[in-house]
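Below is one structure, written out as structure tokens, with a few remarks after it.
No lab work stands behind these numbers, since they all come straight from the coordinates. For clarity, every value in this text was computed on a predicted model and none was experimentally measured. Here the Cβ positions follow ideal geometry from the backbone for every residue, glycine too, while neighbour counts run over all protein chains shown.
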Amino acid sequence: MKKMLLVTLLVILIPFLVVSMFVSKDEIKFHYVSNQVVRVKDVSKNIILKVPFEEYVKGVLAGEMPTSFEIEALKAQAVAARSYALVQMNKNKDKEYDVVNTTTNQVYLSDEDLKNKWKDEYVAKVNKLKEAVTSTKGEYLSYNGDVVEALFFSTSTGQTENSEEVFSSKVPYLRSVSSTWDEASPVYEDSSSFELKDFYAKLGLEYNDKITAEVTETTSTGRVRKIKINGVEFNGRDVATKLSLRSNYFSIIQNGTTVTINTKGFGHGVGMSQYGALGMAKEGYKYNEILKHYYQGTEIKKI
């Protein structure tokens, strides 16, 4: 398996994307001597874009993490995004495209998207992203010789999740770790309100004047895995999706015909917390330390 993956990496990245940059009064430029592309499906336009590898990483940074974040957090995100892309390219090498440009994989924004979005701020913001990309070029996470599928999300509940408690399989580097920095996130806690009839409609339940909600299974950190609502069992993540909640760490409170749901955290909770990375960077941690905290037992390698 390791030999196969090594061969795949060599095919993907040799000739590797050679990036150089020069600093001018305007925009930092990537110069591609030779490169491999990532095949990105633009879901909204139903087209496939062929994007130079490190250009793709820059576009993921733009789509997945605010440019206002500390540079060390952005560097950590760049390495995570690069690792995730390598895994998807290996999985999908015989398919029409490697990744989609949405949260199904990683949000990717093209240069055209960024110019339209940032306008006069484009140069300053894109230069910061390019700094994060060029200072980590070619770096990816490895665990026992294999490229890491570096999952990430916005905000934890104070701890990240074990992979098998959220998804189907146990992954040795995706372990629950402390992430108390997340309390500073603007979405650490949230609240949503619904009319009772809308609450039932979204869950596909028959109307009843009274809600009975019994959590029957939680993760080790308190997220809802299974819950019975009026006798019908749901997966906690399905409830969060149907009600557009920020996470499956939630409680349901009924007050007459109003239903209030309080949540903690934002996202699936597995892998690197982005607001945790920001908090660590503010405390002086470097990007390699951030990555090793959230991806247990991994090491950074470079092609």
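Calculate the FRET efficiency for residue 255 and residue 103 from the Cβ-Cβ distance with a Förster distance of 30 Å, rounded to the nearest 0.05. Before the final figure, lay out each step's value.
Numbers: r = 33 Å, r/R0 = 1.08.
Between residue 255 and residue 103 the formula returns 0.40.
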Report task. Among 143, 84, 207, rank each residue by its count of other Cβ atoms within 10 Å, from fewest to most, as a rough exposure measure. Result -> 207, 143, 84
Report summary line: Within the range 189-264, the percent of DSSP beta bridges that are antiparallel, given to the nearest 5, stands at 100
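Just want to confirm a number: the relative contact order over the chain, from Cα pairs under 8 angstrom separated by 6+ residues, in percent.
Details: 568 pairs, mean separation 60.8, N = 303.
Result for the chain is 20 percent.
Taking 8 Å as the Cα distance limit and 6 or more residues as the minimum spacing, I'd like the relative contact order of the range 31-153 as a percentage.
On the way: 159 pairs, mean separation 39.3, N = 123.
Relative contact order of the range 31-153: 32 percent.
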Report summary line: For residue 38, other-chain or 5+-apart residues with amide H closer than 5 Å (H placed, Pro excluded) are 51, 53
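Would you please name the GluC sites (Glu not before Pro) within the range 189-262 that are DSSP coil residues with at most 11 other C-beta atoms within 10 Å of their C-beta?
Values: sites: 189, 195, 206, 214, 217, 233; in loops: 206.
Qualifying residues, ordered by number: 206.
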Report summary line: In Å, the C-alpha Rg and Dmax of the range 189-264 are 11.3, 33
Query raised in the report: Got a sec? Charge dipole of the range 189-264, +1 on Cβ for Lys and Arg, -1 for Asp and Glu; which of 231, 215, 200 is way out at the positive end?
Result: 215
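Only helices at least 24 Å long along their axis, Cα-based, and averaging 0.0 or more on Kyte-Doolittle count here, so list those DSSP H runs from the chain.
Details: long enough: 71-91 (30 Å, 0.23).
Result, helices passing both filters: 71-91.
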Requested in this report: May I ask for the distance between the Cα centers of the range 105-174 and the range 247-303, given as a whole number of Å?
Outcome: 13
Requested in this report: List, in order, the whole-Hz ³J(HN,Hα) value for each residue of the range 95-106 obtained from phi through the Karplus relation with A = 6.51, B = -1.76, C = 1.60 and θ = phi - 60°; use x for Gly and Pro.
Outcome: 9, 6, 9, 8, 9, 9, 8, 10, 5, 4, 10, 9
Report summary line: Partner aspartates and glutamates whose C-alpha sits under 17 Å from that of residue 282, ignoring same-chain residues fewer than 8 away, are 70, 72, 182, 183
Query raised in the report: Which aspartates and glutamates, on any chain, are close to residue 197 with Cα under 14 Å apart, when same-chain ones fewer than 8 places away are left out?
Result: 206, 209
